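Each reported figure results from applying straightforward, stated rules to the coordinates on display, with no laboratory input. If you're wondering where the values come from, they're calculated on a predicted model, not measured in any experiment. Neighbour counts are summed over all protein chains in view; Cβ atoms, including those assigned to glycine, are modelled from backbone coordinates with ideal geometry.
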């Protein structure tokens with residue numbers, strides 16, 4: 001048996017399982033679970049192996065797949081998210097067609113993680129797009145327009161992407177990602193990036209994302225927000241790693257996306273929409289630090305999928321009536337652990353993703369050729385500087401400070417350290433703050449928070465301004 | 001070469017027209033038709049790309065003696081093969097869109113997006 005048999009089986013398995021599931025619907029759930037386990041296993045193997053595995057078909061003009069650590073992280077993420085969704089829905093009745101679509105979606109996502117040329121990427125992204133569209137429509141009839149919009153926008157973006165691929169082919173005579181990235185910046189890149197920004201839900205191109213992710217049913221939202229959206233981001237990360245000029249442009253859009261997601265998240269009143277805006281901002285952060293994008297994507301996808309799946313337990317989606325009183329303790333735990341992981345609390349996986357991964361985990365986390373590329377030219381990657389952990393605790397708990405002004409004195413020094421830090425170093429915490437603020441607007445006794453967002457914020461900002469002198473001192 | 005350049009400009013203009021139609025038209029059917037114009041322009045772009053090296057269909061002749069000469073005038077087969085896939089995908093997506101639109105027409109026969117927004 002050749003060493004390539006396992007990767008091929010893991011990548012091809014979901015499609016075969018989808019056919020099998022159409023014939024024998026009772027096998028659907030075990031098949032989906034097995035496929036997600038094999039995807040996660042392939043991902044783990046790729047992360048732990050020292051050299052990337054290359055599969056080439058049909059000679060130099062054919063298709064080449066690269067199972068490298070970056071792809072490994074996303075394969076692991078897909079496997080875990082799909083496994084969680086199928087286990088979550090094990091006791092509920094589920095239509096066989098839905099499981100078939102999920103299997104196709106898993107196959108497409110696995111393909112999107114490992115492809116290395118523009119056209120295979122186009123095909124896998126379209127497969128993902130169609131499967132996700134049908135999944136959105138499979139739940140209820142009210143989502144017709146949302147699903148239609150998703151497919152219309154996605155297909156237009158991919159058509160522009162094809163224009164970009166054609167323009168690049170005219171110059172390089174090749175559809176390879178590395179050849180396209182080797183060119184100096186040109187019109188083809190712009191079309192390509194517009195398409196990928198739209199698929200990855202970044203900045204203004206991602207405005208379709210919150211409504212779509214909020215309108216879908218809980219398991220579908222978990223799939224969309226946890227792993228589907230990363231399919232458009234992986235090629236952007238690959239471009240960033242290959243080309244400095246492109247990395248700068250992509251990083252700028254990512255930063256804008258991070259800010260936009262936070263600001264929009266602060267003013268929205270629906271919990272699923274808030275989570276979707278947070279996805280938009282986290283995708284921005286993900287392209288901002290290509291060297292640790294894999295672990296960051298894994299941390300975000302797991303936390304976001306857990307949050308979307310937990311949202312099903314809530315009596316209402318309105319944040320003004322936020323109340324976890326009905327939930328069991330283990331469900332409440334999920335509601336606390338996942339946002340804390342997104343915020344980067346130290347023992348959780350989110351903090352690993354944020355605290356300079358290469359130093360923590362050895363050479364297999366970062367691509368060996370470009371260990372610190374992004375920190376050099378933009379200086380926005382979070383680093384292990386003193387005071388950063390203080391920044392973390394201070395940033396992730398703004399509501400405490402608002403409710404109990406006495407705490408402010410104790411954390412004053414930490415806050416001062418944050419204020420003194422250069423502005424870009426603080427930026428990665430913003431989405432976490434948004435989530436924390438929104439989730440912590442619940443008063444201690446389980447009473448609903450103040451009725452309107454504006455009313456809830458005004459007293460807080462007053463108090464903050466009263467204590468401003470102590471920060472500066 | 002000038003002819004190819006001119007054709008390329010015209011094709012990109014067609015793509016622009018399709019894109020503008022997609023943005024500016026209110027009716028959903030018209031939006032899908034505009035998307036089709038955009039897609040057709042992309043197909044034409046790939047065909048033009050393939051024609052840069054020659055106009056003959058890239059099929060090997062049976063006689064060996066003609067091989068070296070005819071290769072020079074053959075069209076580039078790679079963009080043609082690629083766009084064949086894209087045509088199929090575009091067609092299936094349009095079919096899906098039209099199915100959903102026909103179901104949406106029960107809500108609003110005028111098919112204006114505003115009436116579907118919450």
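A crude spin-label estimate for the pair residue A:266 and residue B:84, with each label 7 Å from Cα along the Cβ direction, gives 5.5 nm. Of A:327, B:110, the sequence from fewest to most neighbouring Cβ atoms within 10 angstrom is B:110, A:327.
Working from Cα pairs under 8 Å separated by at least six residues, relative contact order for region A:158-263 is 28 percent. Report, in degrees rounded to the nearest 10, the 0 to 90 angle that the Cα long axis of helix B:28-50 makes with the longest principal axis of chain B. Helix B:28-50 sits at roughly 10 degrees to that axis.
Rounded, prolate or oblate, given the Cα gyration tensor of region A:269-364, with a/c below 1.5 counting as rounded? Each step should come with its number before you reach the end.
On the way: a/c = 3.22, a/b = 1.90, b/c = 1.70.
Cα axes put region A:269-364 in the prolate bin.
Within region A:74-106, list the residues whose amide N lies under 16 Å from a label point set 7 Å along Cα→Cβ of residue A:49. What the label zone holds, given the 16 Å backbone N cut-off, is A:74-76.
Rounded to the nearest 0.05, what FRET efficiency do residue B:99 and residue B:27 have when you use their Cβ-Cβ distance and R0 = 22 Å? Kindly include the intermediate steps, with their values, before the conclusion.
On the way: r = 17 Å, r/R0 = 0.77.
Between residue B:99 and residue B:27 the formula returns 0.85.
Mean separation of Cα pairs under 8 Å and 6 or more residues apart, divided by the residue count, gives region B:1-48 a relative contact order of 45 percent. Computed from the C-beta positions of residue B:114 and residue A:185 and an R0 of 41 Å, the FRET efficiency is 0.60 to the nearest 0.05.
Note on residue A:248 and residue A:19: their simple-model spin labels are 5.0 nm apart, each label 7 Å out from Cα toward Cβ.
Viscosity 0.692 mPa s, temperature 37 °C: Stokes-Einstein D of chain B from its Kirkwood Cα radius, in µm² per second? Don't skip to the end; give the middle numbers.
On the way: Rh = 16.8 Å.
Calculated translational D: 195 µm²/s.
In chain B, the longest principal axis of the Cα atoms and the axis of helix B:2-24 are about 10 degrees apart.
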